[in-house]
Amino acid sequence: MTADLQLRPVHDDDLPEFYRHQLDPEAIRMAAFTPDDPADREGFAAHWKRVRTDPAIVTRTVTVDGQVVGHVHAFPVGERTEVSYWIDRRHWGRGYATRALATLLREVPQRPLHARAAKDNAASLAVLRKCGFVICGEDRGYAAGRGQDVEEYVLELAG
């Protein structure tokens, strides 16, 4: 039997789960590009207020069998729209990130879309490739989750 994965608007009571997710040291290392201080509750609250009130950002809670397991976004970065996702580490390896991103891609019609992933984040790169993204460039930037500059791939989902 396949788990019932759904995307829905973010509710206030999802935020404590999202906060808990972003405190996981292994997830922080994997994601690399995280807030400077993941434990900063005020920064977390300000971020989510902005994300939830900006009409240019599509943000959804990912649930599986009714349980909050993460979130996905499509958001503007300059002239581009990028996607991002975060799945609680307790739920990694079950295809939830791929299914959640694929569902979001059906909701967000504009193309091209872009994404970024640390070059060594094989799991995230696999999710993006399964959803049709291809590497179109490389970048390097400071990753607070690792405390150093990290090389990353820039990926594109063409129209």
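Considering only residues of the stretch 1-19 that are in contact (Cβ under 8 Å) with a residue 60 or more places away in the chain and part of a helix (DSSP H, G or I), which is farthest from LEU128 (Cα to Cα)? Among those residues, the one meeting the criterion is GLU17. State whether the residues of the stretch 103-112 include one that is crowded, with 18+ Cβ neighbours inside 10 Å and under 13 Å from the mean Cα position of the chain (by Cα). Yes. Would you check which residues across the stretch 92-102 are open to solvent by less than 60 Å² (accessible area, probe 1.4 Å) and outside any helix (DSSP H, G or I) and list them? GLY95, the sole residue that qualifies.
Kindly evaluate VAL154 against the criterion of being under 15 Å from the mean Cα position of the chain (by Cα) and either closer than 19 Å to GLN22 by Cβ or modelled with pLDDT of 95 or more (or both). Break it down into steps so the answer makes sense when it comes.
Details: under 15 Å from the mean Cα position of the chain (by Cα): yes; either closer than 19 Å to GLN22 by Cβ or modelled with pLDDT of 95 or more (or both): yes.
When the stated conditions are applied, VAL154 passes them.
Does the stretch 33-44 include one or more residues that are within 26 Å of ARG106 (Cβ to Cβ) and either touching a Lys or Arg at 6+ places or on another chain (Cβ under 9 Å) or at pLDDT below 95 (or both)? Scanning the stretch 33-44 turns up at least one residue that is within 26 Å of ARG106 (Cβ to Cβ) and either touching a Lys or Arg at 6+ places or on another chain (Cβ under 9 Å) or at pLDDT below 95 (or both). Applying the criterion of being part of a strand (DSSP E or B) and within 14 Å of the chain's Cα centre (by Cα) to the residues of the stretch 78-91, the residue that is farthest from ALA158 (Cα to Cα) is ILE87.
Within the stretch 20-43, being open to solvent by 20 Å² or more (accessible area, probe 1.4 Å) and either in a helix (DSSP H, G or I) or of a type in the set (Ser, Thr, Tyr) (or both) holds for ARG20, GLN22, PRO25, GLU26, ILE28, ARG29, MET30, ALA31, THR34, ARG41, GLU42, GLY43. Of the residues screened, THR34 is not one that is touching a residue at least 12 places away in the same chain (Cβ under 8 Å), of a type outside the set (Lys, Arg) and farther than 25 Å from GLY137 by Cα.
Are any of the residues in the stretch 102-120 free of Cβ contacts under 8 Å to residues at least 60 places away in the same chain and in contact with a helix residue (DSSP H, G or I) (Cβ under 6 Å, 6 or more places away or on another chain)?
At the first step, the residues of the stretch 102-120 found to be free of Cβ contacts under 8 Å to residues at least 60 places away in the same chain are 102, 105-106, 108-115, 117, 119-120.
With the extra rule that they be in contact with a helix residue (DSSP H, G or I) (Cβ under 6 Å, 6 or more places away or on another chain), the set shrinks to 115, 117.
Yes.
Checking each residue in the stretch 121-147 for being open to solvent by 50 Å² or more (accessible area, probe 1.4 Å), assigned to a strand (DSSP E or B) and closer than 10 Å to PHE33 by Cα picks out only TYR142. Looking only at residues in the stretch 59-72 that are on the phi < 0 side of the Ramachandran plot and out of contact with any helix residue (DSSP H, G or I) (no Cβ under 7 Å at 6 or more places or on another chain), which one is least open to solvent (accessible area, probe 1.4 Å)? Here the answer is THR63.
The values are calculated or read from the model by the stated rules, or taken from the named source; none is laboratory data. Source: prediction; values computed, not measured. Positions of Cβ are backbone-derived with ideal geometry, glycine not excepted, and every protein chain shown enters the neighbour counts. For accessibility, only protein heavy atoms count, side chains too; no ligands or nucleic acids. Shrake-Rupley method; radii C 1.70, N 1.55, O 1.52, S 1.80 Å.
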